[in-house]
Amino acid sequence: MKIALLSVTLLASISIHANEIYNCLDKEESLIREAIQDSHISREKILSDIEFAISERKGELSKKVVKKLQKSKYMLKCAGWRTRNLKFDCSEKEYVGYFMKVFPIFGNEVDVASYHMRNVDYDFLVGSIIHEATHKCGTNDADYFYQKNQVPHSKWYSEWQNIASTYDYWSIKGFCVPEIDC
């Protein structure tokens, strides 16, 4: 009886965080599910790299930069929580100018342009999931660093820790301290 109850409890807790995926081809759904799992691994690696930078480069990094890195940690932790509840919808079958899009902060829906899933680079897919999840935590699209072959940096109207593309860049290219290392 205890094992049955434990099994039901475990299944219930897993299903709470199961991502829903709609209107996707089987191959697309499989790829998205795998990328969701890898986004958690990538996010944890970035968090570890940020912690290392903060602890090992204390004298080198200004208080302002450390504060931005702390904000980045918050964004990544929030993105991890939000990722567990995202719902992916591949209804958009025609060519559109985006790969994935969300409404910032509210809701859990991620619109996936199925057209672009045909030839998507897997690392870009993982980074895109992180990118979209950070929008749910308050980041904006002030720039697209990876897509423009640029490194993360602040814009006159938005600091780098508030730009979603900082996080997909880190996922794809690796962590660097913006405006210092990259």
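Some observations on this one:
- Residue-averaged [θ]222 nm for the chain, counting only DSSP H segments that reach four residues, each worth -39500 (n - 2.57): -17500 deg cm²/dmol
- Qualifying lysines (Cα of each under 16 Å from Cα of Lys93; at least 8 residues distant if same chain): Lys27, Lys101
- Residue order, fewest to most surrounding Cβ atoms within 10 angstrom, among Val126, Val96: Val96, Val126
- Dividing the alpha-carbon radius of gyration of segment 120-177 by the rule-of-thumb value 2.2 N^0.38 Å gives 1.00.
- In Å, descending, principal axis extents of the Cα set of segment 59-119: 51, 23, 17
- Calculated diffusion of segment 19-109, Stokes-Einstein form, Kirkwood radius summed over Cα pairs, 37 °C and 0.692 mPa s, µm²/s: 213 µm²/s
- 21 Å Cα-Cα reach of Lys58 towards lysines, excluding residues that sit fewer than 8 places from it in its own chain: Lys45, Lys67, Lys68, Lys71, Lys73
- Among Arg84, Arg33, Arg57, the largest mean-square fluctuation in a Gaussian network model of the chain (Cα springs under 10 Å) belongs to Arg57.
- Neighbour-count ranking [beta-carbon atoms within 10 angstrom, fewest first] of Phe103, Phe175: Phe103, Phe175
- The ranking of Tyr95, Tyr22, Tyr146 from fewest to most other beta carbons within 10 Å of each one's beta carbon is Tyr95, Tyr22, Tyr146.
- Prolate/oblate/rounded label for the chain (Cα gyration tensor, a/c 1.5): oblate
Every number in this text was worked out from the coordinates using simple rules, so none of it is lab data. Treat the numbers as computed from the prediction; the structure is a model and nothing was measured. Here the Cβ is made from the backbone with ideal geometry for all residues, glycine too, and neighbour counts use every protein chain on show.
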